[in-house]
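Read through the structure below, which is laid out as structure tokens, and then see the notes.
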Ligand SMILES: Cc1cc2nc3c(=O)[nH]c(=O)nc-3n(C[C@H](O)[C@H](O)[C@H](O)COP(=O)(O)OP(=O)(O)OC[C@H]3O[C@@H](n4cnc5c(N)ncnc54)[C@H](O)[C@@H]3O)c2cc1C
């Protein structure tokens, strides 16, 4: 395949107004890592239910965990589009469980430490985070509160010795294997609304904090997901991340980056599914010709390709504006809803056109279809995103 074809095929952006040479170098580096160090091994990670720690350390050594962070911590100080490139290329790996393991660490959990942490907290953890030596989780969702963050019921009671946490957290990515957890709890009254929420930085092994179970999922099977329990868990006063009562605002602010990254990952997944489906349709013969000759099929795929291009450009534009310092809540909410729903529609069609083999566990599209399902739920369900958009119309 010549260079131009390669670019067209994978939605590469050599001539995009959004990306610099540095972004393109990162894209090449992540793509090479995925081909050489993820794809040949990730089936085994799907079976064991987590990505090995040495792989995460390797990602740290390659600089992937410091894309957004200052050089002082070993990072590359890139902008939002750096995260987009990383997420899109991990999404294209076809193993979204691997992608989300890394992206929760880089763009959803460690951002709480970097954005709100004290100098002492950052000095203690940021280098290890960037190196992949300390893996992060973010624990907001609870068994009885997901979309409605203000409804969390985990409490953190202030005492002279510190804060005492009680409660449970649900669906926590990296929950079993993380080293540090950014945990939301109520320091104010349960009905105290947004001002009652505070974020805490809690280390694995703190007495009273335990992983109560690893969860068995429909997809993202190489990502570990856990339920956590806090039972009279005492943490020092300086475990607060940022200020008491400001946790809700920190969560909402960091959601913008999280949702941009999830949108980028979804468009990487969708592009990979289209690519492998076009390959399949060009070789699979029925009624005397490749299935690709059927107009009904190729026009459907062509329309999906157009939609994926639109979704991708929406993510890029939102990330670019974010990097310029604009408020992009509306665009990011649009992108999260659009890309989360679209990746599912793309997977449905791609599996359909694979026929029976698409329903078999041995086919890549079967795994990708399962993995995509959560994209319209996690990190803000599509309906919740559309409410955010509607408020801003
Ligand atoms: C695999 C996985 C990994 C996750 N990782 C993490 C993590 O690392 N950390 C973390 O804190 N959380 C995590 N989550 C939680 C995730 O963000 C929540 O599942 C999500 O926010 C939805 O919350 P819920 O499951 O409680 O659904 P609910 O809030 O009970 O909502 C159920 C459904 O109702 C609909 N709905 C909800 N609100 C509205 C509304 N206002 N209008 C219309 N319809 C609505 C939506 O379709 C939604 O899917 C993860 C979830 C999954 C499945």
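Structural remarks
- Leading residue by the ranking (farthest from the chain's Cα centre (by Cα)) among those in region 226-248 that are crowded, with 16+ Cβ neighbours inside 10 Å and part of a helix (DSSP H, G or I): 239
- Here region 204-242 is the region considered, the condition is being in contact with a helix residue (DSSP H, G or I) (Cβ under 8 Å, 6 or more places away or on another chain) and more than 30 Å from residue 369 (Cβ to Cβ), and the residue that is farthest from the ligand (Cβ to nearest atom) is 238.
- Meets criteria (more than 26 Å from residue 386 (Cα to Cα) and part of a helix (DSSP H, G or I)) for residue 271: no
- Residues in region 169-206 that are part of a helix (DSSP H, G or I) and in contact with a strand residue (DSSP E or B) (Cβ under 7 Å, 6 or more places away or on another chain): 196 only.
- Selection status of residue 332, within 16 Å of the ligand (Cβ to nearest atom), assigned to a helix (DSSP H, G or I), within 20 Å of the chain's Cα centre (by Cα) and touching a residue at least 24 places away in the same chain (Cβ under 8 Å): yes
- Qualifying positions in region 301-329 - surrounded by fewer than 15 Cβ atoms within 10 Å (Cβ to Cβ) and assigned to a helix (DSSP H, G or I): 302, 303, 306, 309, 310
- Enumeration of residues in region 342-363 that are assigned to a helix (DSSP H, G or I) and surrounded by 17 or more Cβ atoms within 10 Å (Cβ to Cβ): 342, 343, 344, 346, 347, 349, 350, 351, 353, 354, 358
- In the set (1) away from the ligand (no atom under 16 Å from the Cβ); (2) in a helix (DSSP H, G or I); (3) within 22 Å of residue 246 (Cα to Cα); (4) touching a residue at least 24 places away in the same chain (Cβ under 8 Å), the condition left unmet by residue 161 is number (2).
FYI, it's all coordinate maths here, none of it is from the lab. Keep in mind that what you see is a predicted model, and the values were worked out from it rather than measured. For neighbour counting, all protein chains shown are included, and Cβ atoms are generated from backbone atoms with ideal geometry for every residue, glycine included.
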